[in-house]
Each structure stands twice: as C-alpha cells, then as structure tokens.
Amino acid sequence: MKRIESLNMNRLTKQEIPKAPTKIKHYLTAALIVLLIGWSAYQTESSFIDFVEGFPNMFDLLVQMYPPSWSYFDDIVPAMLDTFRMAVIGTTMGALLAVPFALLCASNIAASNWIYYPFRFILNLIRTIPELLLAAIFVAIFGLGPLPGIFALAVFSMGIIAKLTYEAMESIDKGPLEAMTAVGANKIQWIVYSVVPQVSPYFVSFVLYTFEINIRVAAILGLVGAGGIGEYYDKTLGFLEYDKVSTIIIFTLMVVLLIDYISTKLREKLL
Amino acid sequence: MIEFHRVTKIYPNGVVGLENIDLKIEKGEFVVIVGLSGAGKSTLLRSINRLHEISSGEITIDGKSITKAKGKELRRIRRDIGMIFQNFNLVKRSTVLRNVLSGRVGYHSTLRTVLGWFPKEDVDLAMNALERMNILEKAYTRSDQLSGGQQQRVSIARALAQKAKIILADEPVASLDPLTTKQVMDDLKKINQELGITLVVNLHSVDLARQYATRIIGLKAGQIVFDGSAREATDKRFSEIYGKPFEVGTNEADREFKYESIN
Amino acid sequence: MKSVARPVKPKKNRFMLWSIYVLLAVIYIWALSGIPIEGFKETAGQITKAILSGILSPDWGYVYLPEGEDLLRGLLDTLAIAILGTFISAFLCIPFAFWAANNMTKGKIAAGTGKFILSFIRTFPELVMALLFIKVVGPGSFAGVLALGLHSIGMLGKLFSEEVENIDFGPIEALKATGASGLQTLWFAVVPQIIPGFISYTLYRFEINLRSASILGIIGAGGIGTPLIFAMQSRDWSRVGIILLGIIAMVTIVDIISGYLRKKVV
C-alpha cells in the first residue's frame with residue numbers, strides 16, 4: 001500500500017492507491033477450463049494426429065459423395081413426404097398438449113405454488129430426454145414405422161412449446177387480467193378473455209418455430225426405425241453408396257430451408 | 001350501498017394499509033377519495049370488489065358480505081360492480097366490442113362465453129353502452145388503435161354493459177391530458193346523475209374532486225381524516241389535516257390549467 | 001334510441017382466414033391419411049409396463065463396475081464429448097461469426113455468404129455428420145467430438161454474429177480516435193462487448209450438445225448411447241431404466257450449473 005501525499009500545499013492529505021482486484025478467480029477459471037478440455041480429449045481418445053491421418057479418408061468420402069445420385073431422388077420422395085407428415089402431426093399434437101401444460105406452469109395463472117412448481121419440474125424432466133431416445137423407446141413399444149416417431153415428436157414439441165408459452169404467459173400485461181377478475185369472470189372465462197388474446201400470437205410463433213426444428217428431427221428419427229427418411233441413411237451407408245447419401249442430405253436440406261423460409265416469413269407477420 | 005365495518009388491512013411486511021375503517025356509501029352518491037400516494041386509496045377501493053383482501057373486518061355490498069363470499073357468489077357480487085383503471089386494462093389486441101362484451105361473461109355459462117356466443121340482447125346492450133360513451137363507430141376497431149381517452153370510454157362502456165350498480169374508478173384520469181380528463185369526468189358525472197349509479201373514484205387532485213364529487217373522503221396513512229361535502233373540503237381544511245400546504249394534486253397538468261366548474 | 005348507425009363487422013379478413021383454414025384442413029387430412037395405424041401391437045401395453053417397471057426398479061449395479069464399461073464411465077464419456085465438441089466449435093466459429101456479421105464485413109454479399117455457410121452447417125444433420133466422421137476416423141468418441149464440433153459452429157456462429165451485429169459502435173469510434181489499429185480496436189472495443197454473450201451462448205450450446213452427445217452412441221459415435229441401444233435391443237429394461245435416470249440426472253445437473261453461470265455472466 002503506497003501513500004501519496006497530495007500536492008496541496010495547505011494540507012497534506014494521504015491518499016492510497018486502490019488495490020487492483022485480484023485476478024485469482026480468472027486464473028483459476030482458466031486453469032479449470034484447460035483441465036476440463038485436456039481431460040475430455042483424453043477421455044474421448046481424441047488426437048489431432050488421428051484427425052490428420054484420417055484426412056485423406058475424408059477427401060475420399062467427399063469425392064464419392066459428389067455428384068449426388070439424382071435418380072435416387074424419386075425413390076426417397078415417399079419417405080420425405082412421410083417425414084413431413086410426421087412433423088406436422090407431431091408438432092400439432094405437441095402444441096395441443098402444451099396448452100394445458102403451460103397454463104399449469106405459469107405462476108400468474110396456476111392457482112397455487114403447489115401446482116406450478118411440480119408441473120415445471122415434470123416439464124424440465126421431459127425436456128432433458130433427447131428426442132432420438134424418445135423415439136427409440138417408442139419404437140420398442142410400438143414397433144417400427146412413423147407412429148412412434150410422431151409420438152416422440154409430440155412429447156418433444158410439447159416440452160419446447162410449453163416452456164416458451166408459460167414464459168410468455170408470465171410476461172403479459174396484468175391489467176386485463178385484473179379487469180376480468182373485477183368483472184366477475186370464472187377461471188376459464190378469465191383465461192379466454194384476458195390471457196389467450198395476449199398470448200396467442202406468441203403461441204403460434206412458437207409452434208412454427210418448433211415445426212422448423214421438428215422437420216430436422218423427423219428427418220433422422222428413421223435411424224432408430226421411427227419412420228421418415230432417416231432409415232435410408234442406414235441402408236445407403238451400409239452399402240457404401242455415398243452418392244445416394246448426398247442425395248438424402250441435399251433433399252433434406254432443400255426441404256428444411258424451404259420450411260424455414262416460409263415459417264420465418266409467417267412469424268414475422270405475426271409479431 | 002357499500003358498508004365498511006372496522007376494516008383493517010395489514011400487509012405481510014407489517015405496513016398498515018387500512019386502519020379500522022368504518023364507512024357507509026349510499027346509493028347514487030359520487031364519492032371521491034383523495035390522499036397522498038400510499039395513503040391507502042387504492043387498497044380501500046380495491047377491497048370493495050375484493051381485488052385486495054382485507055385482514056379483518058367486513059365489507060358488505062347491498063347487505064351481502066363480499067368478505068365472506070366465495071366462488072360463484074363472489075363472482076355474482078363482482079358482476080354488479082364495474083371497475084375502471086388508470087391504465088384502462090383493455091385487451092389490446094381485441095376489438096372494442098369484444099372488450100365491452102367481456103363485461104357480460106359473469107352472466108352466462110362458460111361454454112357460451114368461451115365460444116363468444118353472446119345473445120342479441122347482450123350485443124344490443126354493448127352497442128348502447130358504446131353509443132352512450134360516443135364511440136359507437138369504433139365498435140370493431142382494435143383497442144390499441146384508440147387514444148387514451150377513447151380507451152377509457154370503452155372501459156366505462158364495459159362497466160355499463162355489466163349493468164353495474166356501482167362503478168369503482170382507480171385514478172381513471174391520471175394517464176390523460178387535461179381536456180380528456182374533463183371529458184371522462186363529465187361522462188362519469190352524467191352516468192351518476194342520469195343512471196343513478198353509485199360512483200367511488202380515487203383521485204389525487206382535490207381540485208378535481210371538488211368539481212365533481214358530492215362527497216369527498218380524505219385518507220391519510222390508512223385512516224379517514226376527512227369525510228364531508230365538496231364545499232367543506234377547502235384548501236385550509238386539508239392543510240390542517242395533512243399538516244402542510246396541501247398541493248393541488250401531484251399531476252403537473254393540474255398546476256398549469258384551471259378547470260371551470262361544471263355548475 | 002339509435003341515432004348513429006351501428007357499424008357492421010368487417011368482412012375483408014374473412015376470405016383470407018377461410019383460405020388458410022382450408023389449406024390447413026387439406027394438409028391435415030393428407031397427413032393423417034398417410035399414417036398406418038395398424039392397431040397397437042398387443043405387446044405395446046406389456047412393453048410399456050416393462051419399461052415403466054424398469055425405470056422404477058433400475059439396475060443399480062450398473063452404476064459402477066470395476067472393470068469399466070459402466071454407467072459412470074458412459075456418462076463421463078458423454079460429458080467429455082460434449083465439452084470438447086463445444087470448445088472446438090466455440091473456437092472455430094469466431095472467424096465465421098465475424099464473417100457473417102454485416103457490420104464487420106465489407107459488402108452485404110460477403111456477409112450473406114458467411115450467413116449461408118453457417119446456415120448450411122446448421123441444417124446438416126449432426127447425426128449424419130457423425131456417421132460420416134465415423135467413416136473417416138473410425139467409430140468411437142472422437143467421431144462424436146468432431147461431429148458436434150463441426151455442427152455447433154453453425155448455431156454458435158449464427159448467435160455470435162447476431163451478437164456482433166448488435167454491438168455499440170461508440171467504443172469503436174473512441175478507440176479509432178486514439179489511433180488504434182484494426183486489431184487493437186477489435187480487442188479493446190469489440191471483444192469486451194461480446195464476451196458475456198459469447199460465454200452465455202457457449203454454455204447454452206453446451207447444454208444442447210450434452211443431449212446430442214448422449215444419442216451419438218446409438219449410431220456408434222461414443223458415449224452412453226451405445227450401451228443404451230444394446231440394452232434396448234436385449235430388452236434389458238432395468239438397465240435402460242438406470243441409463244435413462246443417469247442421463248436425466250446428468251443433463252439436469254449440468255443445466256442447473258449452466259443456468260447459474262449464465263445468469264452470473266449477464
């Protein structure tokens with residue numbers, strides 16, 4: 001601690017230069033991160049060398065993947081339609097389920113803490129399960145085909161939509177809610193007249209957003225047998241038909257970009 | 001008729017909102033409640049239709065205790081009380097007509113109201129209310145496209161559509177400019193005189209209170225410190241009660257403009 | 001009583017509204033008709049019960065086995081894949097982020113290209129990337145790391161570029177005025193503004209990657225997914241149960257820590 005005597009001639013005031021805040025926290029965090037990364041690399045047996053050695057394979061692969069097999073397009077169209085179907089129905093089911101769920105999770109709507117805390121907990125639990133896992137489980141129950149895929153998408157969508165919706169519900173203007181209480185409305189009327197009109201544009205936007213995600217997800221659920229275009233990856237990779245793999249990828253890409261574009265435009269118009 | 005029997009409200013953090021309030025408001029009165037911010041005006045008003053709960057005591061509306069009412073009975077009592085708010089509290093994205101009709105939901109089954117199937121009489125009632133408030137032409141306009149004054153009129157129309165016998169107004173003109181303030185207060189006065197609806201209004205301007213009220217109640221720290229006619233509510237009287245020169249409202253506009261008495 | 005004519009309900013919107021309804025109806029009818037609903041397998045009910053009982057009485061012995069190949073190891077594997085993958089992508093996406101930000105790149109076309117590339121990477125299914133990487137470096141966790149690393153560049157790059165586009169230009173001007181070079185300006189004026197967002201988005205992506213990492217094993221790219229799919233195929237429901245619980249627990253814990261860190265950063 002240094003003391004500087006000020007140049008004020010009348011009085012000598014002693015001032016102390018403030019101490020710089022310690023950087024220990026920063027160093028520790030940096031060290032921790034380096035440690036984590038090092039451990040991860042070890043655990044996953046990743047090595048840069050392997051990667052470099054594998055490079056020629058990658059080139060090989062890329063070469064075989066191009067040009068895509070255009071004739072294969074026709075073969076996979078029905079599967080792509082299936083994928084689209086799955087996304088549509090799954091998202092819709094999820095959206096329908098999400099409505100009551102969100103109402104139960106919103107702290108300004110659910111009647112008491114005993115309701116919304118447990119439901120939020122359940123919602124979070126559902127959201128931790130990866131979608132492919134859900135699909136695999138449903139396949140085990142319902143067998144192969146698009147049906148388990150639809151259920152998986154429904155549960156997955158419900159998780160996303162319900163969370164976004166209840167957060168939106170908690171941020172709406174409380175005024176109209178108060179007005180409906182003052183007018184003597186019962187709970188359902190109260191929700192329909194003051195909550196729904198405020199939340200519905202957001203809700204539709206969330207559903208469209210989830211639909212965008214679901215198209216991507218539906219396109220790979222087939223890897224576990226849950227229908228859609230995903231099962232073709234297995235086949236084509238198994239036979240080393242990389243040009244067909246490209247076809248699948250490109251087709252998926254086209255559909256996804258198209259849906260994304262339409263969906264984004266619709267969402268802009270809503271909000 | 002509204003009666004307060006030894007009503008007290010103590011907030012969870014220990015602050016006393018209302019202290020032993022005994023009050024009787026007769027049918028047809030135009031009561032204005034004045035007081036500084038935090039004096040308890042809002043608490044008093046909102047306890048009438050039980051938007052705020054009280055800690056002890058009882059409030060009766062036309063002989064029926066709203067304090068003890070539950071569920072359907074509570075909603076029935078509320079149905080007969082209209083309320084207008086400082087921020088209008090309309091559903092912005094809904095049309096004017098829908099907002100006014102939402103005042104009728106207490107009269108019909110859940111199914112009907114959810115689907116929006118209001119009987120013709122209700123729609124007529126709503127339209128008449130809008131006409132009385134001079135905004136019939138905006139019936140199908142979205143509420144957020146209206147000015148503040150217009151929105152407040154829709155709000156009043158909603159209370160009229162409820163066929164309310166009492167209208168509570170919580171700082172109804174605090175967000176409005178002086179001209180619109182006069183219009184809205186005039187409207188309220190007309191409703192009170194022509195339809196005999198009891199009016200209880202919170203204002204922070206004693207001047208405004210004097211022009212419109214038949215009876216003024218002054219609140220200070222949760223207690224009634226003045227209860228008399230507009231004539232008795234002189235500035236001198238109020239500065240005695242409030243212990244300092246009582247300002248003519250905290251509203252900037254109040255200080256700049258003088259109102260003409262409507263008498 | 002009515003001196004003013006009553007307004008009529010506007011009919012303009014009706015047409016648009018109805019055509020949307022019709023379109024939706026067509027889509028739904030087509031969608032539903034294409035789904036084969038062969039009546040649930042009679043075994044469906046049985047299997048559901050079996051799964052539920054497996055979850056309710058999970059195979060606790062699997063949590064730790066001295067020889068390795070147990071739940072903990074699998075979860076740690078998964079965690080490692082996610083950490084490394086996220087780190088790589090956070091590192092690599094920075095140049096892309098600046099490329100795609102239209103206030104950093106000269107000319108809209110250049111920025112547009114950047115955005116397009118990020119979009120492409122984002123849309124490329126990461127599982128397919130994993131499959132391809134398996135062909136390159138062989139099956140196992142490394143393929144998973146690479147797939148996650150590459151795919152995450154897409155989303156992180158997009159979020160970062162948006163962050164960069166939203167910065168305040170004031171500090172940049174100030175620094176230029178002191179005569180700082182381009183790189184110095186970047187370091188002193190741009191970077192401090194975007195670091196909180198950077199960290200927050202990286203953590204967010206990490207949460208997502210952890211979930212993805214747990215599935216990668218299903219197709220052979222390492223992590224807990226592989227033992228999971230084995231257990232499912234052999235109908236060992238109590239093992240499925242414990243693995244599920246393990247995944248849920250791990251993801252929840254990481255989510256909580258990550259959420260806490262993200263709040264502190266912002």
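The values are calculated or read from the model by the stated rules, or taken from the named source; none is laboratory data. It should be emphasised that the depicted structure is a prediction, and the values quoted were computed from it without experimental measurement. Don't worry about glycine lacking a Cβ; one is built from the backbone with ideal geometry, like all the others, and counts go over all protein chains shown.
If we scan the range B:10-19, do we find a residue that is within 10 Å of chain A (Cβ to nearest Cβ), touching a Lys or Arg at 6+ places or on another chain (Cβ under 8 Å) and surrounded by fewer than 21 Cβ atoms within 10 Å (Cβ to Cβ)?
From the range B:10-19, those within 10 Å of chain A (Cβ to nearest Cβ) are none; that's our starting set.
Checking the range B:10-19: not a single residue is within 10 Å of chain A (Cβ to nearest Cβ), touching a Lys or Arg at 6+ places or on another chain (Cβ under 8 Å) and surrounded by fewer than 21 Cβ atoms within 10 Å (Cβ to Cβ).
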Item to complete: Could you check A:LEU253 against (1) crowded, with 21+ Cβ neighbours inside 10 Å; (2) facing chain C (nearest Cβ under 10 Å) and say which number it fails?
Response: (1)
Discussion item. Give me the residue from the range C:66-86 that is within 9 Å of chain A (Cβ to nearest Cβ) and in contact with a Gly (Cβ under 8 Å, 6 or more places away or on another chain) and, out of that set, farthest from C:GLY112 (Cα to Cα).
Written reply: C:ASP77
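Is it the case that A:GLU167 is of a type in the set (D, E, K, R), in contact with a Ser or Thr (Cβ under 7 Å, 6 or more places away or on another chain) and in a helix (DSSP H, G or I)? Quick ask: steps written out before the conclusion?
On the way: of a type in the set (D, E, K, R): yes; in contact with a Ser or Thr (Cβ under 7 Å, 6 or more places away or on another chain): no; in a helix (DSSP H, G or I): yes.
So A:GLU167 fails the test.
A quick yes/no check of all residues on (1) part of a helix (DSSP H, G or I); (2) modelled with pLDDT of 90 or more; (3) more than 8 Å from chain A (Cβ to nearest Cβ); (4) within 17 Å of the chain's Cα centre (by Cα):
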| residue | (1), (2), (3), (4) |
| --- | --- |
| C:LEU210 | yes, yes, yes, yes |
| C:ILE215 | yes, no, no, yes |
| C:THR226 | yes, no, yes, no |
| C:PHE230 | yes, no, yes, no |
| C:ARG239 | yes, no, yes, no |
| C:LEU244 | yes, no, no, no |
| C:MET250 | yes, yes, yes, yes |
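How many residues does the range B:1-24 contain that are part of a strand (DSSP E or B) and either over 22 Å from the mean Cα position of the chain (by Cα) or closer than 16 Å to B:LEU219 by Cα (or both)? Outline the logic, then answer.
Pass one, the range B:1-24, residues part of a strand (DSSP E or B): B:2-10, B:16-24.
Within this subset, residues satisfying the condition of being either over 22 Å from the mean Cα position of the chain (by Cα) or closer than 16 Å to B:LEU219 by Cα (or both) are B:4, B:6-10, B:16-24.
Number of matching residues: 15.
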Response to the item:
If we keep only residues of the range A:199-235 that are within 10 Å of chain C (Cβ to nearest Cβ) and over 22 Å from A:THR91 (Cα atoms), then the residue modelled with the highest pLDDT is A:TYR233
Practice prompt. Could you tell me which numbered condition C:PRO139 fails, if it satisfies all but one of (1) outside any loop (DSSP other than H, G, I, E, B); (2) touching a Gly at 6+ places or on another chain (Cβ under 8 Å); (3) closer than 30 Å to A:GLY38 by Cβ?
Written response: (1)
Discussion item. Farther than 27 Å from A:ILE215 by Cα, more than 9 Å from every other protein chain (Cβ to nearest Cβ), at pLDDT 75 or above and surrounded by 10 or more Cβ atoms within 10 Å (Cβ to Cβ): is that true of C:VAL63 in this structure?
Written reply: yes
Worksheet item: Mind checking which pairs have a first residue in the range B:164-181 that is away from chain A (no Cβ under 14 Å) and a second that is at pLDDT 95 or above and in a loop (DSSP other than H, G, I, E, B), Cβ under 6 Å, 6 or more apart or different chains?
Response: none
Discussion item. If I ask for residues that are surrounded by fewer than 24 Cβ atoms within 10 Å (Cβ to Cβ), facing chain A (nearest Cβ under 8 Å) and touching a residue at least 60 places away in the same chain (Cβ under 8 Å), which ones from the range C:132-157 would you list?
Written reply: C:GLY140
Worksheet item: Does the range C:103-126 include one or more residues that are assigned to a loop (DSSP other than H, G, I, E, B) and under 18 Å from the mean Cα position of the chain (by Cα)?
Response: yes
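With a cut-off of at least 1 residues that are surrounded by fewer than 17 Cβ atoms within 10 Å (Cβ to Cβ) and more than 8 Å from chain A (Cβ to nearest Cβ), name the helices (runs of 4 or more DSSP H) lying wholly within the range B:63-142.
Numbers: elements: B:71-79, B:96-101, B:110-115, B:120-132.
Because the criterion is at least 1 residues that are surrounded by fewer than 17 Cβ atoms within 10 Å (Cβ to Cβ) and more than 8 Å from chain A (Cβ to nearest Cβ), the helices (runs of 4 or more DSSP H) in the range B:63-142 that meet it are B:71-79, B:110-115, B:120-132.
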